[in-house]
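> What follows is a single structure, and I will ask about it in a moment.
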2 protein chains.
Amino acid sequence: MKCKKCGGKAVLELRRHNAAFCADDFRAFFRHHAVETVRRWRMFTRDEPVLVAVSGGKDSLALWDVLIAEGYRTAGLYIDLGIGAYSRESKAKCEAFAAEHAAPLHLVAVAELVGAAIPEVRAATRRPTCSACGLSKRYIMNRTALERGFSVVATGHNLDDEAATLLGSTLRWDASALARQTPVLEATHPKLVRRVKPLFRLSERETAAYAFLSGIDYIVEECPYARGATSITHKEILNRLEDASPGSKASFFLNYLDRARGLFQAREVVELRACVRCGQTTTGEVCAFCKLGDQVRRTARPSEPVPADRGDAPELRGLISDLQAAAEIHAP
Amino acid sequence: MKCKKCGGKAVLELRRHNAAFCADDFRAFFRHHAVETVRRWRMFTRDEPVLVAVSGGKDSLALWDVLIAEGYRTAGLYIDLGIGAYSRESKAKCEAFAAEHAAPLHLVAVAELVGAAIPEVRAATRRPTCSACGLSKRYIMNRTALERGFSVVATGHNLDDEAATLLGSTLRWDASALARQTPVLEATHPKLVRRVKPLFRLSERETAAYAFLSGIDYIVEECPYARGATSITHKEILNRLEDASPGSKASFFLNYLDRARGLFQAREVVELRACVRCGQTTTGEVCAFCKLGDQVRRTARPSEPVPADRGDAPELRGLISDLQAAAEIHAP
């Protein structure tokens, strides 16, 4: 297998692009892809300060790495969910990355704003953990960006994430969720900042390879509460379709953007106003985040121990050991 | 497990309805479900002559059985595809059913109209076999109904068929296919007849159980060319989701009808005119069926032997043996 660019030995094959690359040319390909996405989708300019939401995982640190390397004005935002060892380790990865790149990192803990960390929120509400956690993260991203002068927040969502979310919304035909799924969520209210996903056209396998080949030290474990999440079933289904027909994951998501998203968006008219308690946006009187805080305070209950980590996804484990083997061959 | 209706011993559990039935009450439930669908979706009245497209399989013979039992004015239409032993056996099943119920059966062969049977069509065109066959069947259904005085054609498509087709169209976001997927395709042109699917809310497992418990002698084998069809992958994916969460197949398809179909239909404006060759409808000059005939005549090539039958789907085999066991217990 030869690198499509330089003709040297390739370390990675990309079936859907019908191409293979050596480490350096793959990293250049990946960065070019991300930067082109930022430009074509008018996500932000090089002058605009961007808050990059980092979890310590491969996707968000790969995104931050690309944006720093390409000369964008970035700062990181780490949201501490307080999920035991998982959160301690992921925070340390983000701090180390920021220190290594001399980049500013903002730290905000869910516990400060909601009154309890995610394990206690989980114990206090009947809401699925991923849903309460997602709500908290979106709220904190937006509020932190507003308060600290950023007009745009970038997240590390990759193609697999977006396709799995789309599959879930489609299986329910949840018209509101379908209308909202876009790589650029514009600020439609003075209290909202733009939210963008520069990696949405790159697959999970590609972001994992980029992070590994760039020497990024990321947290391999996924959140212990994500186990058994339906999004994982949806990712497996999409991987099966992708194996049978390379490119089907991308065509599912990109064709949605081209052909169907507009139909759902046109119908979705949402009137936003300021939450009477915190001033952030809501469709009602009190926003969902403030209500979550109320519920946690009302029904404070001791949380169960956080489940142990379960390690990396099997398909990515194979990729990383393949890349390690290929890299050894190339060692000088 | 007790019958929800009579309290007797149940032979079949329906998880998504949270109910179980004895043989007689299940058959009554099934017929009621089908008749209610015909009524609510205004598919046809008891005075209107209905052409029921029968393949010899469980779904279409179950549909014909229900409509006869419920006093509708029906005739069968068997389309002979000329696929070796599979077609000979399925035709014999339809003829035996018609004779047993003293019901009229129309026979039309693809070879008469297209100039060759499906194995030769398969050899002559690059089009996928299922696509050329589906085109031929839809053409023959419509033309036969028009020529023989039926204003409506009913087909045996069940919930699994419809959900799998919908999943396929959705994964491609094929807006035209999405717009056309409906249980009632109205006659939008004088040369079109209404096409309806009275079993679209009943699952494949339910139609198999109905056919077995009603003593219908149907062909168990599926078409030998269907092997490896993507629709089978899509059915497997939906079965997996259904196992994880009973009712998800129905909610996928029924929510589509409620919440999304209108958006795609509103955008789809198709102007139909008469084919200059055969007079049936087309969007161009010459209809796709006439073009298929041209292609077959131009490139007549000997067909390969028809593959051997592969037997019933494994999940239905289990169902039928369970029902056999339950029925023996109930034998007088």
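> May I ask you to list the residues of region A:72-91 whose amide nitrogen lies under 11 Å from a point 7 Å from Cα along the Cα→beta-carbon direction of A:GLU112?
Backbone N within reach: A:78-80.
> To continue, here is another question. If eta is 0.890 mPa s and T is 25 °C, what Stokes-Einstein diffusion coefficient results for the protein assembly as shown, Kirkwood Rh from Cα pairs, in µm²/s?
In µm²/s, the coefficient is 86.
> Now for a different question. With springs connecting C-alpha atoms under 10 Å apart, model chain A as a Gaussian network and identify which of A:ALA229, A:ALA288, A:ALA145 has the largest mean-square fluctuation.
Evaluated over chain A, the most mobile residue of the options is A:ALA229.
> In whole Å, what is the distance between the alpha-carbon centres of region B:98-113 and region A:246-264?
43
> For region B:1-96, which chymotrypsin sites (Phe, Trp or Tyr not before Pro) pass both filters: DSSP loop (anything but H, G, I, E, B) and at most 13 other C-beta atoms within 10 Å?
none
> I would also like to ask the following. Given +1 on the Cβ of Lys and Arg, -1 on the Cβ of Asp and Glu, and no further charges, what dipole in debye does region B:7-152 carry about its Cα centre, rounded to the nearest 20?
Dipole about the Cα centre, nearest 20: 520 debye.
> In degrees from 0 to 90, rounded to the nearest 10, what is the angle of the helix A:159-172 Cα long axis to the longest principal axis of chain A?
Compared with the principal axis, the helix lies near 50 degrees.
> OK, next. Using a 1.4 Å probe, what is the accessible area per residue for the protein assembly as shown, in Å²?
47
> How large is the dipole of region B:99-252 about the Cα centre if only Lys and Arg carry +1 and Asp and Glu carry -1, each at its Cβ, rounded to the nearest 20 debye?
660
> Going highest first, how would you order B:270-283, B:157-170, A:242-255 by mean Cβ packing within 10 Å?
B:157-170, A:242-255, B:270-283
> Among B:SER151, B:LEU178, B:SER248, whose Cα lies farthest out toward the positive end of the dipole of the protein assembly as shown, if unit charges sit on the beta carbon of Lys, Arg (+1) and Asp, Glu (-1)?
Among B:SER151, B:LEU178, B:SER248, the one farthest towards the positive end of the dipole of the protein assembly as shown is B:SER151.
> Given H placed 1.01 Å from N in the peptide plane, which residues other than close sequence neighbours of B:ALA20 have an amide H under 5 Å from its amide H?
Residues meeting the criterion, in which the H sits 1.01 Å from N, are B:LYS4, B:LEU14.
> If I stretch the segment between A:LYS2 and A:SER245 completely, what's the gain in nm (0.36 nm per residue apart, minus their alpha carbon distance), one decimal?
Result: 85.2 nm gained on full extension.
> Top mean-square fluctuation among B:LYS91, B:LYS58, B:LYS291, Gaussian network model of chain B, C-alpha springs under 10 Å?
Maximum among the listed residues: B:LYS291.
> Run a plain Debye calculation on region B:152-194 (Cα atoms as equal point scatterers, no solvent) and give log10 I(q)/I(0) at q = 0.18, 0.22, 0.28, 0.30 Å⁻¹, rounded to two decimals, same order as the q list.
Computed log10 I(q)/I(0) values: -0.61, -0.81, -1.01, -1.05.
> Counting DSSP beta bridges with both partners in chain B, what percentage is antiparallel, nearest 5?
Antiparallel: roughly 35 percent of the beta bridges in chain B.
> Using Cα atoms only, what is the angle between the long axis of helix A:84-100 and the major principal axis of chain A, expressed in degrees (0 to 90) to the nearest 10?
60
> Quick one: accessible surface of B:GLU112, probe radius 1.4 Å, all protein chains present, in square angstrom to the nearest 10.
About 130 Å², rounded to the nearest 10.
> Still on this structure, please answer the following. Using Cα-Cα distances under 8 Å and only pairs 6 or more residues apart, what relative contact order does chain B have, in percent?
20
> Within a Cβ distance under 10 Å of A:ALA111, other residues only, what is the Lys/Arg minus Asp/Glu net charge?
Charge balance in the 10 Å sphere: -3.
> What gaps in nm, shortest first, separate A:GLU186 from its twins in the other copies when you place the label 7 Å past Cα toward the beta carbon?
Once sorted, the set of distances for A:GLU186 reads 3.5 nm.
> What spacing in nm lies between the two simple spin-label points modelled at A:SER321 and A:ALA19, each 7 Å away from Cα in the Cβ direction?
2.9
> Would you work out the relative contact order for region A:1-138, in percent, from Cα pairs under 8 angstrom that are 6 or more residues apart?
Reported as a whole number, the value is 15 percent.
> Here is a further query. Once amide H atoms are placed 1.01 Å from N in the peptide plane, what residues at a sequence separation of 5 or more from A:LYS9, or on another chain, have their amide H within under 5 Å of its amide H?
Amide H neighbours of A:LYS9: A:CYS3.
> Could you rank B:ARG180, B:ARG138 by how accessible they are, 1.4 Å probe, largest area first?
Final ranking, largest accessible area leading: B:ARG180, B:ARG138.
> Follow-up question, since we're still on this one. Say a label goes 7 Å from Cα toward Cβ at A:ARG127 in every copy; what distances in nm does this one have to the rest, shortest first?
Ordered by increasing distance: 5.3 nm.
> Please report, in Å, the Rg and the Dmax of region A:60-185, where both are computed over Cα atoms only.
Rg and Dmax of region A:60-185, Cα atoms, are 15.9, 45 Å.
> Now for a separate question. Grab the residue from chain B whose Cβ hugs the B-to-A rotation axis most tightly, plus its distance in whole angstrom.
Nearest to the symmetry axis by Cβ: B:LEU263, 2.
> Computing the accessible area with a 1.4 Å probe over protein heavy atoms, can you report the carbon and sulfur percentage for region A:24-70?
45
> Right, something else. For region A:90-187, what relative contact order do you get, as a whole percent, if you take Cα pairs closer than 8 Å and at least 6 residues apart?
11
> Which entries of A:LYS2/A:LYS197; A:LYS93/A:LYS291; B:LYS197/B:LYS249 have Cα-Cα distances beyond 20 Å here?
From A:LYS2/A:LYS197; A:LYS93/A:LYS291; B:LYS197/B:LYS249, over 20 Å: A:LYS2/A:LYS197; A:LYS93/A:LYS291.
> Between B:ARG180 and A:ARG273, take the C-beta separation as r, use R0 = 51 Å, and let me know the FRET efficiency to the nearest 0.05.
That pair, B:ARG180 with A:ARG273, gives E of 0.80.
> Taking amide H positions as placed in the peptide plane 1.01 Å from N, state which residues far from B:VAL52 in sequence (5 or more) or on other chains have amide H under 5 Å from it.
B:ALA75, B:GLY76, B:LEU77, B:ALA154
> I would also like to ask the following. Work out how much length A:SER131 to A:ARG259 would gain on full extension: take 0.36 nm times their residue separation and subtract the Cα-Cα distance, in nm to one decimal.
That pair, A:SER131 and A:ARG259, stretches by 43.3 nm at full extension.
> At 7 angstrom along the Cα-to-beta-carbon line, where would the label on A:ASP24 sit relative to the other copies? Give the distances in nm, shortest first.
8.4
> What total accessible surface area, summed over both chains, is buried at the interface between chains B and A, computed with a 1.4 Å probe and given in Å² to the nearest 100?
That pair hides around 2100 Å² of surface in total.
> Treating the beta-carbon of each Lys and Arg as +1 and of each Asp and Glu as -1, no other charges, what is the dipole magnitude of region A:88-136 about its Cα centre, to the nearest 20 debye?
Approximately 280 debye in magnitude.
> How big is chain B in terms of Cα radius of gyration and Dmax, in angstroms?
Gyration radius and largest Cα-Cα distance of chain B: 20.0, 64 Å.
> Over the Cα atoms of region B:199-297, compute the convex hull volume and normalise it per residue, giving Å³.
Hull volume over Cα atoms, normalised by residue count, gives 192 Å³.
> Could you please state how large a percent of the accessible area of region B:180-245 is carbon and sulfur, counting protein chains only and using a 1.4 Å probe?
49
> So, one more: Heavy-atom accessible surface, probe 1.4 Å, ligands and DNA/RNA ignored: which residues of region A:248-280 lose at least 30 Å² versus the isolated chain?
At a threshold of 30 Å² (probe 1.4 Å), the residues of region A:248-280 that become less exposed are A:PHE252, A:ARG259, A:LEU263, A:PHE264, A:ARG267.
The values are calculated or read from the model by the stated rules, or taken from the named source; none is laboratory data. These numbers were taken from a predicted model, which means no experiment stands behind them. Virtual Cβ from ideal backbone geometry, glycine too; neighbours counted across all protein chains shown. We work out accessible area using only protein heavy atoms, side chains counted, and drop any ligands, DNA or RNA first. Shrake-Rupley method; radii C 1.70, N 1.55, O 1.52, S 1.80 Å.
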